[in-house]
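Here's the structure, in structure tokens; my notes come after.
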Amino acid sequence: MLENERLLGMLRALSDVKEEGGVFTAPDTALLTLHAGHDGVPLTVTQVTTAVLSGPLLIAQTTKGQRYVLDASDVYALAQESSPTDRGGRKAGFF
């Protein structure tokens, strides 16, 4: 399996993520976190709104407008969390 196929599979496994022409966009109620590593050095990119696969590269944009370019083969995990603006999560305290 090619590395991009593995990463595509991970992105597509997150059912809320929209795919359009190779551009993956997180839903309004969630954000993505990319976990990458190379030669034992980890990198975590949080609050990702958009991810684009361009050949062997993954270009990620965050809520703050930061752009990261990663080797797609270095990305080993994705996480999807509720957006800080999403008010529909669990409430503190007892039910």
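Just so it is clear, none of the values below were taken in a lab; they were calculated from the coordinates. Everything numeric in this text was worked out from a predicted model, so none of it was measured. FYI the Cβ positions are ideal-geometry reconstructions off the backbone, even for glycines, and counts take in every protein chain you see.
Just a few scattered comments:
- Considering only D74, D16, D39, the Gaussian network model of the chain with Cα springs below 10 Å gives its largest mean-square fluctuation to D39.
- Taking Lys and Arg as +1 and Asp and Glu as -1, the other residues whose beta-carbon sits under 13 Å from that of F24 total -1.
- Sequence-ordered 3J(HN,Hα) estimates for segment 68-83 from the Karplus curve with 6.51, -1.76 and 1.60 and θ = phi - 60° stand at 10, 10, 10, 6, 4, 6, 8, 7, 10, 7, 10, 10, 10, 10, 5, 5 Hz, glycine and proline given as x.
- Listed from fewest to most Cβ neighbours within 10 Å, the set S15, S54 follows the order S15, S54.
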